[in-house]
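Remarks on the structure that follows.
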Amino acid sequence: MSLERTRIVLVGTTHPGNIGAAARAMRTMGLARLHLVAPACDPGDAKAVARAAGASELLEQARVYPDLASALAGCRAAFGLSARPRSGRQPQHDLRPAAEAAAGEGGEGDLAWVFGRERTGLTNAELDRCHALVRIPADPAYQSLNLAQSVQLVAWELRMVGTGAAAGPAEADPPASVDTLERFFEHLEEVAGRVGFLDRHNPALTMRRLRHLFRRAQPREDEVRLLRGLLNHVLDPRRWRG
Ligand code: SAH
């Protein structure tokens, strides 16, 4: 995965200075694509421009989205940056191995690195949109880095593990994209609800476990089509036999 195909996604950022400093952190490591999800401040604020220094172009080109789902459209995977270990969630990797895995990725679509709010991080629903959680290993007694500094470390690692090198040859059967998987999860939830399966369980928890299971399996596009064919079949009694 090349640096050009890497998105840095900042969710709900409160301090314009952090957006500017994140832009500068990215620019120094050769990253250019800054995505802002519902920023809680004005990214064009003078504090942002001042902290961006020579990287103000990234601020001008930053794209703003109403929610994380739209910022991740067209991505093949998203890594959620989280300092806190979250139980019952997708696997949490340390930054170095996660960056190495990203460097080895080929195929279609971008890779996104998703950063949370200064005070509260990412919500559960936002974490659910990520394929894996990534932790910057820090002093266990105080692990919460400043937002822009965590962007700097991620950008540095991506540069060091050689994502700047030309992307490798595309895989013959790349895993399904984020969009394909999201449509599948929506379909699965709808069908599980219609057949009364979700009602008997804790619906959010059940869906979260199903999401983890299918993400771990890394299905290909054709395999997701197969699963969705099965779901369509389940909802259509005319196709049932016996
Ligand atoms: N108090 C918040 C942390 C906010 S720091 C919380 O408990 O979640 C702002 C963002 O920086 C976080 O959402 C995360 O994306 C990133 N971040 C800060 N320290 C980190 C660490 N040690 N590992 C991974 N991400 C970190």
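What follows is calculated from the coordinates using simple rules that are stated; it is not laboratory data. Remember, predicted model here, so these are calculated numbers, not experimental data. No Cβ is skipped: glycine too gets one built from the backbone with ideal geometry, and neighbour counts run over all protein chains shown.
Annotations for the structure displayed:
- Highest-MSF residue in the chain out of L133, L95, L231 [GNM, Cα springs under 10 Å]: L231
- Annotation for the range 114-155 versus the range 14-80: alpha-carbon center distance of 15 Å.
- Percent antiparallel among DSSP beta bridges (both partners in the chain, rounded to 5): 10 percent
- The range 97-136 shape via C-alpha gyration tensor axes, a/c threshold 1.5: prolate
- Residue by residue, the range 85-94 carries 3J(HN,Hα) couplings of x, 10, 6, x, 10, 4, x, 10, 10, 6 Hz when phi is fed to the Karplus relation 6.51 cos²θ - 1.76 cosθ + 1.60 (θ = phi - 60°); x denotes Gly or Pro.
- A Gaussian network model of the chain, with springs between Cα atoms under 10 Å, assigns the largest mean-square fluctuation among R63, R200, R159 to R200.
- For the range 178-240: rounded, prolate or oblate by the Cα gyration tensor [a/c cutoff 1.5]: oblate
- The range 3-164 shape via C-alpha gyration tensor axes, a/c threshold 1.5: rounded
- Highest-MSF residue in the chain out of G54, G80, G20 [GNM, Cα springs under 10 Å]: G54
- Counting Lys and Arg as +1 and Asp and Glu as -1 over every other residue whose Cβ lies under 12 Å from the Cβ of N18, the net charge comes to +3.
- The chain - mean residue ellipticity at 222 nm from DSSP helices (-39,500 (n - 2.57) per run, n ≥ 4, rounded to 500): -13000 deg cm²/dmol
- Local electrostatic count, R33, Cβ distance below 15 Å [Lys/Arg +1, Asp/Glu -1]: +3
- With both labels modelled 7 Å from their Cα along Cα-to-Cβ, the L230 to T123 distance reads 3.1 nm.
- Computed on the range 3-164, with alpha-carbon pairs under 8 angstrom and 6+ residues apart, the relative contact order is 31 percent.
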